[in-house]
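Single-structure report; data block below.
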């Protein structure tokens, strides 16, 4: 029963992560489209990766934001510079890009943490099933001994 409950919790967590990613991906696609060839991939990846690393350790939103302040500032500065060069101060949405990168990083980090939990659960489940099998074998052997003893007593 505990194994089934744990499995349901892991499945629910996976569903939540899948839903979060499904919400983020269209917005990220729009951002990439808006940036075109000027997409700041290095800065984006640095922020996503830093956010993912923190989220994978279980850091909350506040800790992720604080821990990625440098990467967030760099991405925002690159976007501001691109906007200034284009002569349009708010042409490319820096805040949306930073939030999307943080969100994607948290989703990736959450997936990494969940994958680790799933692996640990699979090992625990396997060990529990093995122990159950061993216990059942012992029980079967004990029942066989009892039956043999009864047959001996009946034959006397």
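The figures follow:
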| quantity | calculated |
| --- | --- |
| Set 77, 55, 86, 91: member being under 30 Å from residue 32 (Cβ atoms) and within 23 Å of the chain's Cα centre (by Cα) | 55 |
| Index of the failed condition, residue 7 passing every other in (1) surrounded by 12 or more Cβ atoms within 10 Å (Cβ to Cβ); (2) under 14 Å from the mean Cα position of the chain (by Cα); (3) over 17 Å from residue 112 (Cβ atoms) | (2) |
| Out of 46, 22, sole residue that is part of a helix (DSSP H, G or I) and in contact with a helix residue (DSSP H, G or I) (Cβ under 8 Å, 6 or more places away or on another chain) | 46 |
| Residues satisfying the stated conditions in segment 56-82, i.e. more than 19 Å from residue 28 (Cβ to Cβ) and assigned to a helix (DSSP H, G or I) | 56, 62, 63, 66, 67, 69, 70, 73, 77, 80, 81 |
| Test: residue in segment 1-15 that is more than 30 Å from residue 132 (Cβ to Cβ) and either part of a helix (DSSP H, G or I) or touching a strand residue (DSSP E or B) at 6+ places or on another chain (Cβ under 6 Å) (or both) | no |
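Every number here is computed from the coordinates shown, using simple stated rules; none is lab data. This is a predicted model, so every value here is computed, not measured. Methodologically, a virtual Cβ is constructed for each residue, glycine included, from the backbone with ideal geometry; neighbour enumeration extends over all protein chains shown.
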